[in-house]
Amino acid sequence: MIIKYKNSFLVLTVLLFVACSSESNNDDIQEEEEEINNLFFQGESTTDRLTDNEDRFYIDKIPSTEVIANLNGDCSLEDSQLLNQQIESLSSTGGGIIKIQKGTYCLKEVQLRSNIHIKIDSDVVIQPDLSGSVAGRNINMFLVGEDFYVENVAITNSDEDNTDTSTWFKGLIPSGDDIGVRFVEFGNVKNFKFSGLSLTDNYSRFSNIVLNLPSNQNVDEASFSGVIKDVVMTGMHVGYGVVQMQTGKSVLYKNLDGQGGVTLRVETGAAATNQVNKVTVDDVVGRNLTSRSGDAAFNMSPHRVDQGRVDIEGILAINSTHAIQIAAGFIGSKPGLIERKGTFDSRSYIGDITVTGGQGAQIKGKDFKYFDCDDRKELILKCQNPDNESTPGHSIGAVRDNAAAEGGCTGPDNGCYEVIVGNITKTNTDFEQEDFFIFPTNAIDGCPNVTKPTDGSCN
């Protein structure tokens, strides 16, 4: 009996141990699965994609004739006129390549003409010409198709298509109050290329690469068929960024890296683009878009017009507010425009998204509502970034979407639309909210009002 009891006790002990071990292992497996679920979102897939072959967007048709730019350097105020004269002369004889060699050049309103390729050496620095009265003015260093139709043009580094940033030419926008600078603006242009730029900004107003309507505001004369790639920019204003696309069809964006702001903003809010419900943005392809300590890598906002398709793949956001921002159509306050809310094509795709959360994001005031009460108070009392429109703070989530039904948006008449979102990977859990998708319904209510001290001091 005693022996039997001891054996029974031993068996019972072993069984209890095994059972407890199994429960412990199951708990560990469940925790691991929950952690994986918190870090990976299995998105949708589709076989209906826009292709990203570069030769679908740009074909080099520019003659091989090559000349050296006859410029003074040292920020000579004559260089813009000298370069314009050389461009006009070469274009009138069939076109060719103009090489800009070592030096620092301050440029303003240099207008490309058909069949011209400007190649810029890696030891060149281009700055805006800020001579004269510039407060409140909008300055363009390069204009392409602003006042007349242009085709077959390019601005690239001399070692074209080399992705090593040491081979790229440099840009610099100095700090200053109320400086509105665009490095290049594209209007009525067909078959164009821009690549190989490393630019340092100082929170100036405007994105540095802009696609807009030409000066005549004709919505039928939008940019068509182009490549913009191999660009890195730092010090960007939260309201702007690397690229602002108001108009354009069949445009490929590739290898764009922005610190601050939005790397690629497809936002069609220019006044003339909202005078009729006519597509001005379609067949937009983005590959390898990075945001660092900014607002987002990609933003889409149709305002009042039903726009076409976008196909974005390879998003990387590090310490930014979000990786992706999908905005519903809205009317806004500008008078004299159509009274309707726009959408994007439901076949649009955004996928292969990788997000690292952390401190240092540029947080706009309208996103404070997604922070808990203590964090929100800290943001309100904190000093703003140099752009005076954002506050350094904590990443919120992967995708902010106010166009989807899940967030309470109902029907295309209200500017609501769905896009196909692929896989999302979080590399950590350092986000203000756990959800992959941040909808208006994620806003946190009930926080007490907090106002900054009347003396304007901040933390």
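The values are calculated or read from the model by the stated rules, or taken from the named source; none is laboratory data. Everything numeric here is computed off the predicted structure, so don't read it as measured data. When we count neighbours, we look across all protein chains shown, and the Cβ atoms used for this are built from the backbone with ideal geometry, even at glycine. Side chains are part of the model used for accessible areas, which takes the heavy atoms of the whole protein and leaves out ligands, DNA and RNA. Shrake-Rupley method; radii C 1.70, N 1.55, O 1.52, S 1.80 Å.
Here are some notes:
- Inspection of region 3-26 finds no residue satisfying the criterion of being in a helix (DSSP H, G or I), at pLDDT 95 or above and either closer than 30 Å to Leu143 by Cα or of a type outside the set (A, V, I, L, M) (or both).
- Segments classed as strands (runs of 3 or more DSSP E), wholly inside region 129-197, with at least 1 members that are modelled with pLDDT under 95: 138-144, 180-186
- Filter result (of a type in the set (Gly, Ala, Ser) and either closer than 23 Å to Asn288 by Cα or surrounded by 18 or more Cβ atoms within 10 Å (Cβ to Cβ) (or both)) within region 350-370: Gly351, Gly357, Gly358, Gly360, Ala361
- Single unsatisfied condition, Val279 versus (1) touching a Gly at 6+ places or on another chain (Cβ under 7 Å); (2) in a strand (DSSP E or B); (3) open to solvent by 10 Å² or more (accessible area, probe 1.4 Å): (2)
- Condition met for Glu185 (touching a Pro at 6+ places or on another chain (Cβ under 9 Å), among the charged types (D, E, K, R) and more than 19 Å from Lys61 (Cα to Cα)): no
- Search result, residues across region 255-264 that are open to solvent by less than 10 Å² (accessible area, probe 1.4 Å), more than 11 Å from Asn288 (Cβ to Cβ) and without any contact (Cβ under 8 Å) to a residue 60 or more places away in the chain: Gly258
- Within region 407-426, the residues that satisfy the criterion of being over 16 Å from Ile324 (Cα atoms) and either touching a residue at least 12 places away in the same chain (Cβ under 8 Å) or among the basic types (Lys, Arg) (or both) are Gly408, Cys409, Pro412, Asp413, Asn414, Gly415, Cys416.
- In region 318-325 there is at least one residue matching the filter, namely being over 19 Å from Met245 (Cβ atoms), out of contact with any Asp or Glu (no Cβ under 6 Å at 6 or more places or on another chain), among the polar types (S, T, N, Q) and open to solvent by 30 Å² or more (accessible area, probe 1.4 Å).
- First in region 144-171 and touching a residue at least 24 places away in the same chain (Cβ under 8 Å), second anywhere and β-branched (Val, Ile, Thr) and assigned to a loop (DSSP other than H, G, I, E, B), Cβ under 9 Å, 6 or more apart: Asn152/Ile59; Asn152/Ile62; Val153/Ile62; Ala154/Ile62
- Among the residues of region 115-130, none is identified as under 10 Å from Val144 (Cβ atoms) and surrounded by fewer than 22 Cβ atoms within 10 Å (Cβ to Cβ).
- Positions within region 296-317 being crowded, with 22+ Cβ neighbours inside 10 Å and touching a Gly at 6+ places or on another chain (Cβ under 6 Å), in sequence order: Pro302, His303, Arg304, Val305, Ile312
- Residue selected from region 199-254 under the condition under 19 Å from Gly145 (Cα atoms) and among the small types (Gly, Ala, Ser), by the criterion surrounded by the most Cβ atoms within 10 Å (Cβ to Cβ): Ser207
- Qualifying residues in region 49-88 (those that are surrounded by fewer than 12 Cβ atoms within 10 Å (Cβ to Cβ) and without any contact (Cβ under 8 Å) to a residue 12 or more places away in the chain) - the one farthest from Glu151 (Cα to Cα): Glu78
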